[in-house]
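The next block holds one structure in the form of structure tokens; read it before the comments.
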Amino acid sequence: MANRDYSHRLSDMDSSLRKPVSLARRLHLDVPLLVLLLLLASAGLGVLYSASGGDFKYVQRQSVFMCLAFLGMFIVAQIPLDFYRRWSIWAYLGGCTLLLGVLFFGTGAKGAQRWLEIGGFRFQPSEMMKLGVPMMVAAFLYQRAQPPAFATVCGALVIVAVPAALIVRQPDLGTAILIAAAGLFALYLAGLSWKMIGAVTAALMASTWPIWQWGLRDYQRQRILTLLNPHDDRFGAGWNIFNSKAAIGSGGVYGKGYLQGTQSQLDFLPESHTDFIIAVLAEEWGMRGVLILLLLYVLVIARGIYISFMAQYLFGRLLAGSITLTFFVYVFVNIGMVTGLLPIVGVPLPMISYGGTSLITLMAGFGILMAVGTERRRVHF
């Protein structure tokens, strides 16, 4: 009977080896996900042209960023997952070291110190931690029993807390939220019990007052107060959210037409080509344009969840799931702050907002997703 089972396994393996492999799989590309990302990129360039007031230079620069981002995604997708798992500790430690360097030697603007300049090259170390943290947490959990024990949970929380605290010090609350969410999602997907989830939630609620008193800066407290009552300072702190809501509401169902938005074209809408770009879309294309964009986002998230569900190994499943859910947080936080449901924290709308560093990091994450999705099945005896 054992020999018969062994022969069946060999025949199954032989048939799987004889099965033709598609070109996309050989290139480690997930076609449905790639098509969705290309659609989002095309929509982003179209909206950006209007949001920048018809300045084609922004579109040209963003096109270059997108080409580099898609190239980076392709390169990242070729790297075996085992490489990410083995080198995650060094990527994490290197990222934390660079974050410490930002605190002492960083450069920035508007009171924020978020960049490092080495040899004439200027970069933002916090961006790499959007992938480094979930990768480290996934590798940490991969080596331990599942569901995670209390000591394992504490270790994972420390891994998340260290870079998040360093980024809050810059200060960059939006990026810190994204990084913390990425790590916590990996922990949750590992099978975290509801008792532990409740304990962590209770601890966060208990820390609300100390964070408000000593953890937030004055302008961050002002953003929260503005969220609660934006009309108190309509021409000051409430200016951004007041005009973004006016742009969204004026678009109605069908919108005013491409390049016809009054709030954006007359420069009433601040940061129209970056954080508040969805208000431009809503004003010119109306609710139908926003719903189409949201549908594309939902399909990307659904594809990412499918890839995570079908992953062969725990590390890939945790990493793919955390990257996908962090992408959801990107979308949720940006739309929430533009519509007045969340405080303004400076999170760009993925694939739509102008910017290169965050776009390249985001596409590198999708490259890892494709590496997980096209991972070849291995036969174990």
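Data overview
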item: Area accessible to solvent at PHE268, 1.4 Å probe radius, in Å²; result: 90 Å²
item: Region 50-195: equivalent-ellipsoid semi-axes (sqrt of 5 x gyration tensor eigenvalues, Cα, Å); result: 31, 20, 16
item: Principal-axis tilt of helix 218-228 within the chain, Cα atoms, nearest 10 degrees; result: 80 degrees
item: Residue with peak Gaussian network fluctuation, the chain [Cα springs, cutoff 10 Å], from TRP90, TRP115, TRP212; result: TRP212
item: For region 136-194, accessible area per residue (1.4 Å probe, heavy atoms of protein chains only), Å²; result: 41 Å²
item: Most mobile listed residue (VAL133, VAL31, VAL153) in the chain, GNM with C-alpha springs under 10 Å; result: VAL31
item: Convex hull projection area averaged over all views, region 192-279, Cα basis, nm²; result: 9.0 nm²
item: Helix 194-206 vs. the chain, principal-axis angle (Cα, 0 to 90°, nearest 10); result: 30 degrees
item: Relative contact order of the chain, defined on C-alpha pairs under 8 angstrom at six or more residues apart (%); result: 26 percent
item: For region 66-149, the fraction of alpha-carbon pairs in successive 10 Å shells from zero, as %; result: 16, 35, 33, 13, 2
item: Debye intensity ratio I(q)/I(0), log10, region 55-98, q values 0.17, 0.24, 0.26, 0.34 Å⁻¹ (C-alpha model); result: -0.68, -0.83, -0.87, -1.00
item: Rounded accessible area of VAL64 (nearest 10 Å², 1.4 Å probe); result: 80 Å²
item: At 1.002 mPa s and 20 °C, Stokes D of region 179-224 from Kirkwood alpha-carbon radius, µm² per second; result: 173 µm²/s
item: Cα pair distances of region 20-79 binned at 5 Å [whole percent]; result: 4, 17, 22, 19, 14, 11, 7, 4, 1, 0
item: Share of alpha-carbon pairs per 5 Å distance bin for region 156-308, given as whole %; result: 2, 8, 11, 14, 14, 15, 15, 13, 7, 2, 0
item: Residue with peak Gaussian network fluctuation, the chain [Cα springs, cutoff 10 Å], from SER63, SER52, SER193; result: SER193
item: Accessible area (Å², 1.4 Å probe, nearest 10) - CYS67; result: 90 Å²
item: Carbon plus sulfur fraction of accessible area for the chain, probe 1.4 Å, in percent; result: 67 percent
item: Solvent-accessible ranking of MET287, MET135, MET196, largest area first, probe 1.4 Å; result: MET287, MET196, MET135
item: Accessible surface, per residue, of region 311-371 when the full set of protein chains is kept, probe 1.4 Å, Å²; result: 24 Å²
item: Stokes-Einstein translational diffusion, region 235-345 - Kirkwood Rh over all Cα pairs, 0.890 mPa s, 25 °C, in µm²/s; result: 162 µm²/s
item: P(r) weight above 14 Å for region 283-364, C-alpha pairs, percent; result: 69 percent
item: Cα-projected label distance for GLN146 with ARG25, points at 7 Å along beta-carbon direction, nm; result: 2.3 nm
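The values are calculated or read from the model by the stated rules, or taken from the named source; none is laboratory data. Keep in mind the model is a prediction, meaning the values are calculated, not measured. As a convention, Cβ positions derive from the backbone with ideal geometry for all residues, glycine included, and neighbour counts pool all protein chains shown. Heavy atoms of the whole protein, side chains included, go into the accessibility calculation; ligands, DNA and RNA do not. Shrake-Rupley method; radii C 1.70, N 1.55, O 1.52, S 1.80 Å.
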